[in-house]
Amino acid sequence: MAVINRIAEFHDDIKGWRRDLHAHPETAFEEVRTSDFVADKLEEWGIEVHRGLATTGVVGVLHGNKKSGRAIGLRADMDALHLTELNEFDHRSKNEGKMHGCGHDGHTAMLLGAARYLAETKNFDGTVNFIFQPAEENEGGGRVMVEEGLFEKFPVEAVYGLHNMPGIPTGQVGMRVGPAMAAFDIFELTIKGVGAHAAMPHLGVDAILVTSQIVTALQSIASRRIDPLESVVVSVTQIHAGDTWNVIPQEAVIRGTVRSFDADVQAQTEADIERIAKGICESQGASMTMRYEKRYPAVVNTSMETDIAAEVAAQVVGEPNVEVGMPPLMGSEDFAYMLQEKPGCYIWLGNGADGEPGGCSVHNPLYDFNDEISVIGASYWAKLVETTMPRAG
Ligand SMILES: [Zn+2]
Ligand SMILES: [Zn+2]
């Protein structure tokens, strides 16, 4: 293990920031205290601070000792979840119903650690933009930052992200070239039948029966429509219809989500949902409308930047501890929007193996970011800057 010694020296500070952030979780676009915390630290270390992108976003700009025109972006997310924490340690959430259950407190603290070290040493040739984004969970703060001109205001040649990963042992890092996390879409089907007395169903069109047939038939998309070597998930997660025992309801609503990696698969799935649902409605004398929204695109790592990330991770944790062929995850990440604009790589940093501290899965009320990995994460960030923009001579 070759973490940066200077960063290891202030490990207790990083841990302190992380636990402070953990105790004060804030959710989408309301990360006011958190962004003040980040901005104050960056300013204290002489880093140029820009605020206001995506409401609570913070960008720190730091030039190296030499100023080639080169620049890279390092991104951390700052938001917490709507989740009631069940942990009982001292740094548990003080904000009822909110919790840093995904480790974004750790992501923010590690990027701050790298910023502090790089501001002290400036041993690189170019510019590093520290991107602290709000609202990664659900609301797409990364997309909003991009739409509000993140890369026009702070141009970079590449952008990098990381996420802690329970299940991967501490001291190990994983990544993959190409699609790493799935695109996330939602759909809503409103089925219109004809209401009737439950004892006289022949006088109506039963929206519940039509709905049941649609839910079953949608499962034929993954099993019979999409190439078995491709991946898609179609999950119905809500059905709403009816209020009492003796009325056949006129209307029913089906809601669900689609996860995919490939744009063609995604487009075919959307078309198939509509075709299947419409066909069943027509066959039963019902009608329907569909709302389909593409939320987060797939996270797609570019090959050169993934090679760089792997090389740098190997400098920190040793080559045997870097897995470059990780299978993709069906989860989603709004870092995808940044990767749609710039080449880059998103890696997974081991938070602890199953059954070890840090092994509890993210979004669980007992989860906690593992402070033992923060020096590794901060060293990775710092070495990424020094390696991609080396100071010659
Ligand atoms: Zn999360
Ligand atoms: Zn997360």
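Computed from the coordinates by the stated procedures, all read-outs in this text should not be read as laboratory data. It should be emphasised that the depicted structure is a prediction, and the values quoted were computed from it without experimental measurement. All Cβ positions, even for glycine, are placed from backbone atoms using ideal geometry, and neighbour counts span all protein chains on display.
How about segment 344-358: which of its residues are more than 16 Å from ligand 2 (Cβ to nearest atom) and either farther than 21 Å from Pro179 by Cβ or over 17 Å from the mean Cα position of the chain (by Cα) (or both)? Ala353, Asp354, Gly355, Glu356, Pro357, listed by residue number.
One line per residue, one yes/no per condition, for (1) in a loop (DSSP other than H, G, I, E, B); (2) in contact with a Pro (Cβ under 9 Å, 6 or more places away or on another chain); (3) in contact (Cβ under 8 Å) with a residue 24 or more places away in the chain:
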position	(1), (2), (3)
Thr34	no, yes, yes
Ala39	no, no, no
Leu42	no, no, yes
Gly46	yes, no, yes
Ala54	yes, yes, yes
Val59	no, no, yes
Ala71	no, yes, yes
Ala76	no, no, yes
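Within segment 1-13, residues that are without any contact (Cβ under 8 Å) to a residue 60 or more places away in the chain and part of a helix (DSSP H, G or I) reach no partner that is of a type in the set (A, V, I, L, M, F, W, C) and surrounded by 11 or more Cβ atoms within 10 Å (Cβ to Cβ) with beta carbons closer than 7 Å at six or more positions or on different chains.
Suppose the filter is polar (S, T, N, Q), in contact (Cβ under 8 Å) with a residue 12 or more places away in the chain and within 16 Å of ligand 2 (Cβ to nearest atom); does Asn164 pass it? Yes: the conditions hold for Asn164. Quick one: which of Asp125, Asp77 is within 14 Å of the chain's Cα centre (by Cα), charged (D, E, K, R) and within 24 Å of Ile308 (Cα to Cα)? Only one candidate qualifies: Asp77.
Taken together, Gly64, Gly126, Gly57, Gly52 contain a single residue that is away from ligand 1 (no atom under 16 Å from the Cβ), under 17 Å from Glu333 (Cβ atoms) and not β-branched (Val, Ile, Thr), which is Gly57.
Tell me which residues, restricted to segment 276-333, are basic (Lys, Arg), within 21 Å of the chain's Cα centre (by Cα) and more than 16 Å from ligand 1 (Cβ to nearest atom).
Correct list: Lys294 only.
With the requirement that a residue be over 24 Å from the mean Cα position of the chain (by Cα) and polar (S, T, N, Q), what does segment 221-235 give you? Correct list: Ser223 only.
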